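Asks: My questions will all concern the structure given below.
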Amino acid sequence: MSPRLLLAAFVVLLGLVPVAGSEFQVTLANYIGLYALVALGLVLLTGVGGLTSFGQAAFVGLGAYTTAVLTTMQDLPPSLAWLAASPWLSLVAGLLLTLVFAAVLGLLTLRLSGHYLPLSTLAWGISIYFLFGNMEFLGGFTGLRGIPPIELFGHPFDSARKVFFLIYLFLLAGIVTIRNLLDSREGRAIRALKGGMVMAESMGVNTAISRLVIFLVAALLACASGWLYAHMQRFLNPTPFSLHQGIEYLFMAVVGGAGYVWGALVGATVIAMSKQWLQDILVRVIGQAGNFEMIVFGVVMIIVLQRARDGLWPVLARWVPVRSRPRRIDPGVPALDRRPLPAAGETVLDVKGATMRFGGLVAVNDLSLEVRAGEIVALIGPNGAGKSTMFNLISGVLAPTAGEVRFRGREIAGRPSREIARLGMSRTFQHVKLLPAMSVLDNVAIGAHRREYPGLLKGVITGAWRLDRREEARVLAEAARQIERVGLADHMFDAAGSLPLGKQRILEIARALAADPCLLLLDEPAAGLRYLEKRALAELLRKLKAEGMSVLLVEHDMDFVMGLVDRITVMDFGQRIAEGLPDEVQRNPKVLEAYLGGVE
Ligand code: ADP
Ligand code: MG
């Protein structure tokens with residue numbers, strides 16, 4: 001069954017609810033839809049992006065109160081009065097207000113790492129709740145009443161059965177939008193946020209902006225849920241926007257499957273229904289009312305999290321015979337523009353006196369190095385000599401303590417790695433950094449993130465509404481081309497994490513090439529490769545060199561290096577101990593002692 005057919009079947013089933021369901025069932029389904037809309041934002045924010053928020057209920061409240069105030073207040077100032085004309089206008093007002101509010105909060109808090117971010121969401125979750133309760137014009141803790149129903153072309157959505165359609169229209173639109181977004185250029189950057197930030201920055205992605213984007217989108221979804229809620233309920237008090245509810249939203253996303261868009265609906269359904277059901281049963285068993293269901297609920301939650309760490313959706317999905325076809329690559333689309341390569345012999349990379357201290361340890365000590373266009377230069381030395389640190393200084397992952405790094409004539413020491421990447425330097429990592437659950441194709445496509453970049457806003461909007469298909473086809477065709485070039489064509493649609501380590505390294509080379517670099521930094525590319533694979537890699541590097549690419553590589557395998565490179569720089573204890581042509585270096589007594597005669 002194709003995913004589209006499944007979606008159609010689901011929509012038909014959904015359509016039966018307001019037709020065949022009781023008033024109670026329809027109302028419950030409405031609540032589930034509203035919850036799922038908020039949980040959907042958390043799927044994006046927490047499940048995909050790895051940012052935990054307990055404070056989404058506050059954004060729901062912002063949406064609900066904005067529309068409630070605008071549509072019920074008698075004496076609005078004239079500058080705002082026109083907004084009261086229709087709930088649709090107050091939806092727009094609510095979304096804009098939420099956007100501003102979330103942008104300010106996001107800029108203040110998203111920089112926080114580790115536990116500080118969730119803690120800060122707790123803080124604003126609480127404060128906004130009390131703000132709702134204590135503001136006179138918001139009705140205090142008693143609330144606002146008399147909110148009109150939403151109207152569309154003169155038809156009011158004034159019953160649970162009618163609101164149902166509106167709620168699920170919003171939810172399905174939200175699910176499709178988020179799915180599309182994740183399947184686009186910006187979506188790949190978003191999917192790299194959890195566990196791949198250093199890599200993504202090295203591919204030119206501004207991860208701070210990607211984080212802000214998902215924070216804003218999640219807040220907007222919550223706001224829309226609040227707007228629908230206010231007009232469904234027709235009165236409002238602060239209770240549903242408390243921290244308690246914020247925590248429950250997070251539970252829904254996690255229980256449903258925080259990494260999957262459908263997990264939002266599954267989680268909201270399971271939690272809303274089991275709460276209802278538990279309440280009924282417990283009242284009968286215990287014989288008195290009280291919040292006993294919360295206790296059972298907590299225990300069940302812990303069991304679910306133990307048994308199904310990724311939530312219920314992946315467990316359910318195993319029972320559904322859905323197979324999405326691998327994406328078709330169209331090799332006929334016009335290729336992406338390429339950057340002009342520097343003229344042969346031009347100095348591409350020029351490092352002077354680079355020094356890096358980690359506390360008392362000098363990992364790189366006054367090291368100088370030069371790479372010219374069309375050259376392959378090797379950096380060798382025993383383990384711990386400082387080679388990878390040197391790569392990190394050059395590529396902007398670390399800022400050198402002292403020294404100059406010039407790339408194509410520009411001083412880049414201390415610049416963020418995304419800026420350096422955009423200038424045409426691309427790298428691989430000694431400890432491979434890829435997104436194991438994503439396909440080889442998607443991983444390599446991240447490399448092309450900044451090729452013919454349309455800009456963030458345009459990228460997000462066209463991605464969310466599938467207006468980017470032509471561009472996307474070109475990016476994927478480019479990724480496929482690089483995958484074929486490095487010899488991984490058979491693995492194009494496999495999960496990157498399923499490849500043997502040697503092939504993962506090769507994948508990183510394809511990803512680096514997808515960025516269309518003029519300088520390639522390869523950190524131990526041949527480690528873990530078999531003989532024939534090494535020969536193929538050497539062949540590829542020769543071909544790249546012939547095309548005018550410059551390469552700086554760290555390598556242990558002397559045979560591999562000797563026949564391939566133009567010059568070698570040898571490092572030991574952070575310092576350069578030799579430099580020259582391969583055979584000169586091979587005969588240098590200092591090198592023999594430090595490296596070739598050593599434990600390597
Ligand atoms: P190589 O790649 O040549 O094997 P590295 O550059 O990885 O060597 O490491 C050089 C030295 O710097 C090692 O002693 C290592 O422990 C130290 N080092 C590397 N990165 C860090 C870091 N982030 N913090 C502290 N010490 C580091
Ligand atoms: Mg290293």
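The values are calculated or read from the model by the stated rules, or taken from the named source; none is laboratory data. Since this is a predicted model, take the numbers as computed values, not measurements. Heads up, the Cβs are rebuilt from the backbone with ideal geometry, glycines too, and the neighbour counts pull from every protein chain shown. We work out accessible area using only protein heavy atoms, side chains counted, and drop any ligands, DNA or RNA first. Shrake-Rupley method; radii C 1.70, N 1.55, O 1.52, S 1.80 Å.
Asks: Can you give the convex hull volume of the alpha carbon atoms of region 21-242 per residue, in Å³?
Replies: Dividing the Cα hull volume of region 21-242 by its residue count gives 130 Å³.
Asks: How much of the accessible area of region 21-242, probe 1.4 Å, is carbon plus sulfur, in whole percent? Each step should come with its number before you reach the end.
Replies: Numbers: 6120 of 8700 Å².
The value for region 21-242 is 70 percent carbon and sulfur by accessible area.
Asks: Continuing with the same structure: Run the numbers for Val285 and Thr355: contour at 0.36 nm per residue of separation, minus the present Cα-Cα distance, in nm.
Replies: Between Val285 and Thr355, full extension yields 18.0 nm more.
Asks: Further, regarding this structure: Please give the length that would be gained between Val320 and Ala536 if that part of the chain were fully extended, namely 0.36 nm times their separation in residues minus their C-alpha to C-alpha distance (nm, one decimal).
Replies: Computed gain between Val320 and Ala536 is 73.6 nm.
Asks: I've got another one for you. Given region 46-87, report the % of alpha carbon pairs whose separation exceeds 12 Å.
Replies: Pairs farther apart than 12 Å: 66 percent.
Asks: Can you list which of the chymotrypsin sites (Phe, Trp or Tyr not before Pro) found in region 262-356 are DSSP loop residues with at most 15 other C-beta atoms within 10 Å?
Replies: Those satisfying the criteria are Trp319.
Asks: Ok, one more. If you scale each eigenvalue of the Cα gyration tensor by 5 and take the root, what three semi-axes come out for region 64-175, rounded to whole angstrom and sorted largest first?
Replies: Rounded to whole Å, the semi-axes are 29, 20, 14.
Asks: Please compute the Kirkwood hydrodynamic radius over region 347-595, one decimal place, Å, based on all pairs of different Cα atoms.
Replies: 18.7 Å
Asks: Of the beta bridges DSSP finds with both residues in region 347-595, what % are antiparallel, to the nearest 5?
Replies: The answer is about 55 percent antiparallel.
Asks: Same structure again: Can you spot the aspartates and glutamates whose alpha carbon is less than 15 Å from Lys352's alpha carbon? Ignore those fewer than 8 places along the same chain.
Replies: Correct list for Lys352: Asp366, Glu370, Glu404, Glu411, Glu579.
Asks: Kirkwood hydrodynamic radius, region 283-376, all distinct C-alpha pairs: what's the number in Å?
Replies: 22.1 Å
Asks: Something else about it: Could you work out the per residue convex hull volume over the alpha carbons of region 465-562, in cubic angstrom?
Replies: Looking at region 465-562, the number lands at 112 Å³ per residue.
Asks: In addition: Hey, can you rank 70-76, 442-448, 512-518, 135-141 by average C-beta count inside 10 Å, highest first?
Replies: 442-448, 512-518, 70-76, 135-141
Asks: Based on the mean of other Cβ atoms within 10 Å per residue, sort peptides 77-88, 234-245 so the most packed one is first.
Replies: Ranked by mean Cβ neighbours within 10 Å, highest first: 234-245, 77-88.
Asks: Can you run the Rg to Rh ratio on the chain? Use alpha carbon positions and the Kirkwood inverse-distance Rh.
Replies: With Rh from the inverse mean 1/r over Cα pairs, Rg/Rh is 1.06.
Asks: Would you mind checking region 149-165 for residues with the amide N under 16 Å from a putative spin-label position 7 Å along Cα→C-beta of Ala85?
Replies: Zone members listed by number: 151-154.
Asks: So what is the accessible area of the chain per residue, in Å², with the probe set to 1.4 Å?
Replies: Accessible area per residue, the chain: 45 Å².
Asks: Compute the distance from the alpha-carbon center of region 212-231 to that of region 255-294, in whole Å.
Replies: 23 Å
Asks: Let me ask you something else. Would you calculate, for the chain, the mean residue ellipticity at 222 nm contributed by helices, counting each DSSP H stretch of 4 or more residues as -39,500 (n - 2.57) and dividing by all residues, to the nearest 500?
Replies: -17000 deg cm²/dmol
Asks: Follow-up question, since we're still on this one. For region 347-595, build the charge dipole from Cβ charges (+1 Lys, Arg; -1 Asp, Glu) around the Cα centre, then report which of Gly563, Tyr531, Ile483 sits farthest towards its positive end.
Replies: Going by the Cα projections, it comes out as Ile483.
Asks: Going 7 Å from the Cα of Leu581 in the Cα-to-Cβ direction, what parts of region 539-567 have a backbone nitrogen less than 16 Å from that spot?
Replies: 562-567, by backbone N distance to the label point.
Asks: Of all DSSP beta bridges located in the chain, what percent are antiparallel, nearest 5? Let's see the in-between values first.
Replies: On the way: 25 of 41 bridges.
Restricted to the chain, the bridges split so that about 60 percent are antiparallel.
Asks: Amide H to amide H under 5 Å from Met571: which residues, 5+ apart in sequence or cross-chain, H placed 1.01 Å off N in plane?
Replies: When sequence neighbours closer than 5 places are left aside, the close amide H contacts are Ile380, Gly381, Ile577.
Asks: Setting aside same-chain residues fewer than 8 positions from Lys194, which aspartates and glutamates have a Cα under 17 Å from its Cα?
Replies: Cross-link targets: Asp183, Glu186, Asp310, Asp442.
Asks: Once the piece of chain linking Ile247 and Arg450 is laid out straight, how much longer is it, given 0.36 nm per residue of separation minus the C-alpha distance between them? Please list the in-between numbers first.
Replies: Values: separation 203, 0.36 × 203 = 73.08 nm, distance 3.70 nm.
Answer, rounded to one decimal: 69.4 nm.
Asks: Just to be sure I understand the rule: take each whole DSSP H helix in the chain, project its Cα atoms onto its long axis, keep it if the span is 18 Å or more and its mean Kyte-Doolittle hydropathy is at least 0.0. Which ones pass?
Replies: 3-20, 23-42, 56-72, 87-109, 116-134, 160-182, 207-233, 243-256, 261-286, 292-307, 501-514
Asks: Can you return the lysines within cross-link range of Lys458? Criterion is Cα-Cα under 22 Å, with same-chain partners fewer than 8 residues away left out.
Replies: none
Asks: List the GluC sites (Glu not before Pro) in region 504-559 that DSSP assigns to loop (not H, G, I, E or B) and whose Cβ has at most 13 other Cβ atoms within 10 Å. Which are they?
Replies: Details: sites: Glu508, Glu533, Glu539, Glu547, Glu555; in loops: Glu547, Glu555.
Qualifying residues, ordered by number: Glu547.
Asks: Tell me which trypsin sites (Lys or Arg not before Pro) from region 89-192 have a DSSP coil assignment and no more than 15 other beta carbons within 10 Å of their own.
Replies: In loop regions of region 89-192 (DSSP not H, G, I, E or B), the sparsely surrounded trypsin sites (Lys or Arg not before Pro) are Arg111.
Asks: Peptides 120-130, 300-310, 36-46: what's the order by average Cβ count within 10 Å, highest mean first?
Replies: 36-46, 120-130, 300-310
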